[in-house]
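**Q** Below: one structure in structure tokens.
The values are calculated or read from the model by the stated rules, or taken from the named source; none is laboratory data. These numbers come from a predicted model, not from an experiment. Every residue, glycine as well, gets a Cβ built from its backbone with ideal geometry; the counts of neighbours run over all protein chains shown.
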Amino acid sequence: MRHNAIEQWAREPGPLHSMDARVKLLVTVAFLIAVSTTPSHGWVAYIGFGTNVMIALVRSELPMRRLLLRAALTLPFALCFAMISYLSNDDAGSALALIARSQLCVLATLLMVATTPLPLILAALESFWIPARMLEIAQFLYRYLFVIADQGQRMRWAAASRDAGRLTRSNRQSLLDRAGGALAVLFACAYNRAEGIHRATLSRGGGRSGFPVLNKPTLGRRDLFIAVGSLLLFIGVRIASVS
């Protein structure tokens, strides 16, 4: 899991990490709904939502710069859709509001994921009556993506140790053939490792009783206070945006 810094952040201790995952998931979903339904002219609401997100980021004690850089990866897509919106409606306010909505939603989602390990997120989803089989599929898909990434990193190191990075670029067809062969080997090796992981999971009882969660947080008064306070705050800001 060394490829995913967010996964490492989620497993570190922090003020928001100890909160119940169900509360964080509920507050995040409420925030996304409030931001997504805010009209384009409600800039007071956008400023209020942005202030809430920044306070939560500072409170989380996560590496702010690295988290903002990851959120900025979605900015080109938001700019593209904002340009389309501007050209079709000739309304700069709607285009800017689209960018504000997307970045606020991305930051809120990243904050929740970076402070909650994946097993706790899945356990919270299961408590909201999401089918367990869907959650198991999501768990395996998420983990196997890192199997492919780890195998690709190993192949890259092996190629670099054989000076494969100094190959000439004059013969593009030869380079494409090598790339195609490397891709086939990557998926073959990743498939073999995935089979080994699957057998190891079955030998430990996985696939029959779901994914047990260790050290599951309990719902306390602090979590209830934060949940109720956040929901009331989002509703107040949302109502103020239409006034």
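**Q** Count, please, the residues in the stretch 127-165 that happen to be surrounded by 12 or more Cβ atoms within 10 Å (Cβ to Cβ), without any contact (Cβ under 8 Å) to a residue 40 or more places away in the chain and charged (D, E, K, R).
**A** Within the stretch 127-165, residues that are surrounded by 12 or more Cβ atoms within 10 Å (Cβ to Cβ), without any contact (Cβ under 8 Å) to a residue 40 or more places away in the chain and charged (D, E, K, R) number 2.
**Q** Return the only residue of Leu186, Leu219 being at pLDDT 70 or above, aliphatic (A, V, I, L, M) and not in a helix (DSSP H, G or I).
**A** Result of the check over Leu186, Leu219: Leu219.
Table: residues versus (1) modelled with pLDDT of 75 or more; (2) not aliphatic (A, V, I, L, M).
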{"position": "Leu98", "(1), (2)": "yes, no"}
{"position": "Thr109", "(1), (2)": "yes, yes"}
{"position": "Glu136", "(1), (2)": "yes, yes"}
{"position": "Asp163", "(1), (2)": "no, yes"}
{"position": "Leu176", "(1), (2)": "no, no"}
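**Q** If I filter the stretch 16-35 down to residues being over 15 Å from Leu219 (Cα atoms) and in contact with a Ser or Thr (Cβ under 8 Å, 6 or more places away or on another chain), which single residue comes out as surrounded by the most Cβ atoms within 10 Å (Cβ to Cβ)? Steps first, please.
**A** Within the stretch 16-35, the subset over 15 Å from Leu219 (Cα atoms) is 28-35.
Right, trim to in contact with a Ser or Thr (Cβ under 8 Å, 6 or more places away or on another chain) and you get 28, 30-32.
On the way: Thr28: 18, Ala30: 18, Phe31: 26, Leu32: 17.
Looking at residues that are over 15 Å from Leu219 (Cα atoms) and in contact with a Ser or Thr (Cβ under 8 Å, 6 or more places away or on another chain), I get Phe31.
**Q** Scan the stretch 100-130 for residues that are of a type in the set (Gly, Ala, Ser) and under 10 Å from the mean Cα position of the chain (by Cα) and jot them down.
**A** Within the stretch 100-130, Ala108, Ala114 meet the criteria.
**Q** Further question on the same structure: Taking the options Pro63, Pro13, name whichever one is assigned by TED's automatic domain parsing to the domain that holds Ala95, without any contact (Cβ under 8 Å) to a residue 24 or more places away in the chain, under 18 Å from Ala114 (Cβ atoms) and out of contact with any His (no Cβ under 8 Å at 6 or more places or on another chain).
**A** Going through Pro63, Pro13 in turn, the sole match is Pro13.
**Q** Another question, if that's okay. Looking for whichever is at pLDDT 80 or above and either in a loop (DSSP other than H, G, I, E, B) or not assigned by TED's automatic domain parsing to the domain that holds Leu16 (or both) here; the options are Arg169, Arg208, Arg199. Which one fits?
**A** Every option except Arg199 fails the conditions.
**Q** Right, something else. Do we find that Pro117 is surrounded by 15 or more Cβ atoms within 10 Å (Cβ to Cβ), in contact (Cβ under 8 Å) with a residue 40 or more places away in the chain and under 30 Å from Asp150 (Cβ atoms) in this structure?
**A** yes
**Q** Pairs under 7 Å by beta carbon, first residue in the same structural domain as Val27 (by TED's automatic domain parsing) in the stretch 219-243, partner at pLDDT below 80 and small (Gly, Ala, Ser), six or more apart or different chains?
**A** Qualifying pairs under 7 Å: none.
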